[in-house]
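The values are calculated or read from the model by the stated rules, or taken from the named source; none is laboratory data. Being a predicted model, the structure only gives us computed values, none of them experimental. Cβ atoms come from the backbone with ideal geometry, glycine included; neighbour counts cover every protein chain shown.
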Protein chains: 2
Amino acid sequence: MRYRRIPDETVRRLPIYLRGLMVSADHGREHISSQALADFVGVQSWQIRKDFSYFGDFGTRGVGYHIEKLAREIKRILRLDVIRKAVLVGVGDLGSALLSYPGFGGYGLDIVAAFDIDPQKIGAVINGVCVEDSSRIDTLRDRGVSLAIVAVPRTAAQSTIDRLAQVGIRGILNFAPCKVIAPHRVKVISLDIAMELARLPYYMPAGGAGEHPLAGRSSRHRAS
Amino acid sequence: MRYRRIPDETVRRLPIYLRGLMVSADHGREHISSQALADFVGVQSWQIRKDFSYFGDFGTRGVGYHIEKLAREIKRILRLDVIRKAVLVGVGDLGSALLSYPGFGGYGLDIVAAFDIDPQKIGAVINGVCVEDSSRIDTLRDRGVSLAIVAVPRTAAQSTIDRLAQVGIRGILNFAPCKVIAPHRVKVISLDIAMELARLPYYMPAGGAGEHPLAGRSSRHRAS
């Protein structure tokens, strides 16, 4: 099945819907309305319907979405319906924390190896994953790995991404706070944690003098 | 000065532009064209001009943007023109890594305290920040702190956010992979690391058979 070209922003929201659906399924529900899903994930219901409209008609009027069926469909669209092997490069503070991070399995993501240049770290086992010498990144070509997490210092980010691209990695989650370039066949998503925190003050009052003039107000509580 | 209501997506991109401008300034440049800034940050130039149009006319035809002036203006819009105190709650693997994370200072964000419930962690000093007993979150009301990072387990996230809201925190960066609710006066940005990684397979070929039919292709290399 082929779809029309999907906006990146829709692709960005699909995992949010998926998480909402997975939690709803855990609560024993079978159907959910677009409004209930909207309230749950904190996205407008028209936006949800528009995002889903790229893929066909998922809902039934008066009944809503069948949770399990929709979750399965989104997983298929996001290509999360098979187990994906991932590696981590850079076992510093953040890298170590990511190795211990419990959430990847829920999306079928399996971190199978980690790499570092520090001899003191090589050989360590963190959460069942052994830290290998970075020179062994070259072996990834034959190990069926398609995803990588890059948590190296800023100065090493570009060369790390170059090497990962060379050995056939197709998707990279980059935590180095800098601009990186990759061949077109490699999708890089950069996550700059400091920048995320830096978005917050915009929404805050200046000197405690009430709402920011720009901040939207829709309801007393907001979900996130 | 008051602006029209600014879309959240524009607010999300402003720090990206700011980072691009700061790096360009580090390279000794004084002006930058919207096209050069676009190439640098990986956003379309029309999008940059549209985002800036909410705030007035920043550029000069034929000369481009004055980097320092524009960076100062974006910092002012984002309210990053003063030092903001932040705290961290939950000093596990991820929390410890965040305390050591070097990038916050560049945006005027200063992590001044950390909290945990584990007696073994209380009293520890990480990157100059002392870990306090979580019961002391109540003291934040008098400590001039407006921002918090929440890195507690999923099950503790909502109660932590409730307490932070009660003591006057206005902006929260939440790493717990779950839905949380906060009073309207508190802006919560949730960052689900596993979900970010889960966005990547969409862009990858199915079984090595070439590009995903949906993936866009614009140039051979892409910036991120």
Positions within segment B:106-125 being assigned to a strand (DSSP E or B) and modelled with pLDDT of 95 or more, in sequence order: B:ILE111, B:VAL112, B:ALA113, B:ALA114, B:PHE115, B:ASP116, B:VAL125
The lone exception for A:TRP46 - which of (1) modelled with pLDDT of 90 or more; (2) aromatic (Phe, Trp, Tyr); (3) part of a loop (DSSP other than H, G, I, E, B) it fails: (3)
Conditions (1) in contact with a helix residue (DSSP H, G or I) (Cβ under 6 Å, 6 or more places away or on another chain); (2) part of a strand (DSSP E or B); (3) free of Cβ contacts under 8 Å to residues at least 60 places away in the same chain; (4) not charged (D, E, K, R): number failed by B:VAL188: (1)
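Taking the conditions exactly as written (of a type outside the set (Asp, Glu), in contact (Cβ under 8 Å) with a residue 60 or more places away in the chain and in the same structural domain as A:ALA151 (by TED's automatic domain parsing)), does A:VAL112 satisfy them or not?
On the way: of a type outside the set (Asp, Glu): yes; in contact (Cβ under 8 Å) with a residue 60 or more places away in the chain: no; in the same structural domain as A:ALA151 (by TED's automatic domain parsing): yes.
When the stated conditions are applied, A:VAL112 does not pass them.
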Pick from segment B:39-58, criterion within 12 Å of chain A (Cβ to nearest Cβ) and aliphatic (A, V, I, L, M), ranking: surrounded by the most Cβ atoms within 10 Å (Cβ to Cβ): B:VAL41
The one condition in (1) assigned to a loop (DSSP other than H, G, I, E, B); (2) within 29 Å of A:PRO153 (Cα to Cα); (3) of a type in the set (Val, Ile, Thr) that B:ILE169 fails to fulfil: (2)
Odd one out for A:TYR65, checked against (1) of a type outside the set (Lys, Arg); (2) within 12 Å of chain B (Cβ to nearest Cβ); (3) at negative phi: (2)
Residue match in segment B:88-103 (condition: of a type in the set (S, T, N, Q) and surrounded by fewer than 17 Cβ atoms within 10 Å (Cβ to Cβ)): yes
Residue check, A:PRO183 exposed (fewer than 15 other Cβ atoms within 10 Å of the Cβ), under 20 Å from B:PHE40 (Cβ atoms) and within 14 Å of chain B (Cβ to nearest Cβ): yes
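Go through segment B:131-148 and give me each residue that's surrounded by 12 or more Cβ atoms within 10 Å (Cβ to Cβ) and touching a residue at least 40 places away in the same chain (Cβ under 8 Å).
Initially, segment B:131-148 is screened for residues surrounded by 12 or more Cβ atoms within 10 Å (Cβ to Cβ), giving B:131-134, B:136-137, B:139-141, B:143, B:145-148.
The answer is B:VAL131, B:SER134, B:ILE137, B:LEU140, B:ARG143, B:VAL145, B:SER146, B:LEU147, B:ALA148.
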Within segment A:154-175, tally of residues that are away from chain B (no Cβ under 12 Å) and either among the small types (Gly, Ala, Ser) or touching a His at 6+ places or on another chain (Cβ under 8 Å) (or both): 2
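Can you tell me which residue within segment B:1-17, out of those that are in contact with a helix residue (DSSP H, G or I) (Cβ under 7 Å, 6 or more places away or on another chain) and without any contact (Cβ under 8 Å) to a residue 40 or more places away in the chain, is nearest to the other protein chains (Cβ to nearest Cβ)?
Filtering segment B:1-17 down to residues in contact with a helix residue (DSSP H, G or I) (Cβ under 7 Å, 6 or more places away or on another chain) leaves B:10-11, B:13-17.
Imposing the further condition that a residue be without any contact (Cβ under 8 Å) to a residue 40 or more places away in the chain reduces the set to B:13, B:16.
Values: B:ARG13: 10, B:ILE16: 7 Å.
Here the answer is B:ILE16.
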Given (1) surrounded by 15 or more Cβ atoms within 10 Å (Cβ to Cβ); (2) more than 8 Å from chain B (Cβ to nearest Cβ); (3) farther than 22 Å from B:CYS178 by Cα, number of the condition A:HIS31 does not satisfy: (3)
Residue within segment B:14-25 that is assigned by TED's automatic domain parsing to the domain that holds B:GLU68 and farther than 19 Å from B:ARG76 by Cβ present: yes
Residues of segment B:193-224 that turn out to be at pLDDT 90 or above and more than 7 Å from chain A (Cβ to nearest Cβ), as a count: 0
Hey, B:ALA151 modelled with pLDDT of 95 or more, more than 22 Å from B:SER100 (Cα to Cα), surrounded by 14 or more Cβ atoms within 10 Å (Cβ to Cβ) and among the small types (Gly, Ala, Ser) or not: no
Residue list for segment B:18-28, filter: more than 11 Å from chain A (Cβ to nearest Cβ) and touching a residue at least 12 places away in the same chain (Cβ under 8 Å): B:LEU21, B:ALA25
